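Asks: Can you keep this structure in mind? I'll have questions shortly.
The values are calculated or read from the model by the stated rules, or taken from the named source; none is laboratory data. Keep in mind that this is a model prediction, so the values were computed, not measured. Note that each Cβ is placed from the backbone with ideal geometry, even for glycine, and that neighbours are counted across all protein chains shown. These area figures cover heavy atoms from the full protein model, side chains too; ligands, DNA and RNA do not enter into them. Shrake-Rupley method; radii C 1.70, N 1.55, O 1.52, S 1.80 Å.
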Amino acid sequence: MTELTPAPAPTNEPAANSTPSGSEHVPDPTVLAAEVDKWRSMSRKNEKAFKDASKELETFRQAAMTEQERAIETARTEARTAALSEVGHQLVAAEIRAQAASTGATLPAPDYLNLTRFLGEDGQPDTKAINAFVTTLSPSAPPQPEYKQDIGLGRQGTSQAGQLTRSDLSRMTASQINAARSKGHLDALMRGEL
């Protein structure tokens, strides 16, 4: 037979590893900022190392190529650059229009813009340069309010609008003619314009 050992009695004291309820540990913002900076600098260092290794690999690859392979690679690079520069100008123009619309800036005529200035080395739009350019532009003038017409500003429309002619008078009675005259429908006829 196995002998049973009694379980320890429960205590009201909190365990050494647990935090008391209601007072959770809040990390210090300066410690978090330092940690973010540390990881950011490590990431930049890794990016630089990757770029350096890629350049070195490309150098070795170029050295191992034959003359024909180098000529083909040069032609590909030139074709890619030409294609990106063509499309790049359209992308830059679209990016400038989009940023100008979002900020409410007025763009100068596209004929006067040097769009190659906003292309990066990779043929893609340089958003920092575009943003810097758009922030220097003046904002668009707010749209002018639409003014209500026919508010006593003088004659509106043509002088014959709503006017009766001599042939209309020939079919009217004397009382109808007097009513049309009081409403101003005979003014053009009386001035001799009709």
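Asks: What are the residues in region 175-194 that are of a type outside the set (Asp, Glu) and not in a helix (DSSP H, G or I), if any?
Replies: Gly184, His185, Leu186, Gly192, Leu194
Asks: Can you confirm whether Ser140 is at negative phi, open to solvent by less than 70 Å² (accessible area, probe 1.4 Å), modelled with pLDDT of 65 or more and not hydrophobic (A, V, I, L, M, F, W, C)?
Replies: The answer is yes for Ser140.
Asks: Examine region 151-158 for a residue that is modelled with pLDDT of 65 or more and surrounded by 10 or more Cβ atoms within 10 Å (Cβ to Cβ), and state whether such a residue exists.
Replies: No, region 151-158 contains no residue that is modelled with pLDDT of 65 or more and surrounded by 10 or more Cβ atoms within 10 Å (Cβ to Cβ).
Asks: From the list Ala129, Ala105, Ala98, which one is free of Cβ contacts under 8 Å to residues at least 12 places away in the same chain and open to solvent by less than 70 Å² (accessible area, probe 1.4 Å)? Spell out the reasoning first.
Replies: Numbers: Ala129 fails: free of Cβ contacts under 8 Å to residues at least 12 places away in the same chain; Ala105 fails: free of Cβ contacts under 8 Å to residues at least 12 places away in the same chain.
Checking each option against the conditions leaves just Ala98.
Asks: From (1) open to solvent by less than 90 Å² (accessible area, probe 1.4 Å); (2) assigned to a helix (DSSP H, G or I), pick out the condition that doesn't hold for Arg80.
Replies: In the conditions (1) open to solvent by less than 90 Å² (accessible area, probe 1.4 Å); (2) assigned to a helix (DSSP H, G or I), Arg80 misses (1) alone.
Asks: Quick one: what pairs do we get from region 61-79, first residue more than 22 Å from Asp122 (Cβ to Cβ), second in a helix (DSSP H, G or I), C-beta under 7 Å, 6+ apart or different chains?
Replies: Every condition considered, the pairs that remain are Met65/Glu73.
Asks: Quick one: count up the residues across region 83-95 that are at pLDDT 85 or above and either surrounded by 12 or more Cβ atoms within 10 Å (Cβ to Cβ) or touching a Ser or Thr at 6+ places or on another chain (Cβ under 7 Å) (or both).
Replies: 4
Asks: A follow-up question, please. Can you find even one residue in region 94-112 that is of a type in the set (A, V, I, L, M, F, W, C) and in a loop (DSSP other than H, G, I, E, B)?
Replies: Keep residues of region 94-112 that are of a type in the set (A, V, I, L, M, F, W, C), which gives 94, 96, 98, 100-101, 105, 107, 109.
Keeping just the survivors that are in a loop (DSSP other than H, G, I, E, B) gives 107, 109.
The answer is yes; a qualifying residue exists.
Yes or no, residue by residue, for (1) open to solvent by less than 80 Å² (accessible area, probe 1.4 Å); (2) at pLDDT below 85; (3) in a helix (DSSP H, G or I); (4) touching a Ser or Thr at 6+ places or on another chain (Cβ under 6 Å):
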position	(1), (2), (3), (4)
Ser21	no, yes, no, no
Lys38	no, no, yes, no
Lys55	no, no, yes, no
Thr74	yes, no, yes, no
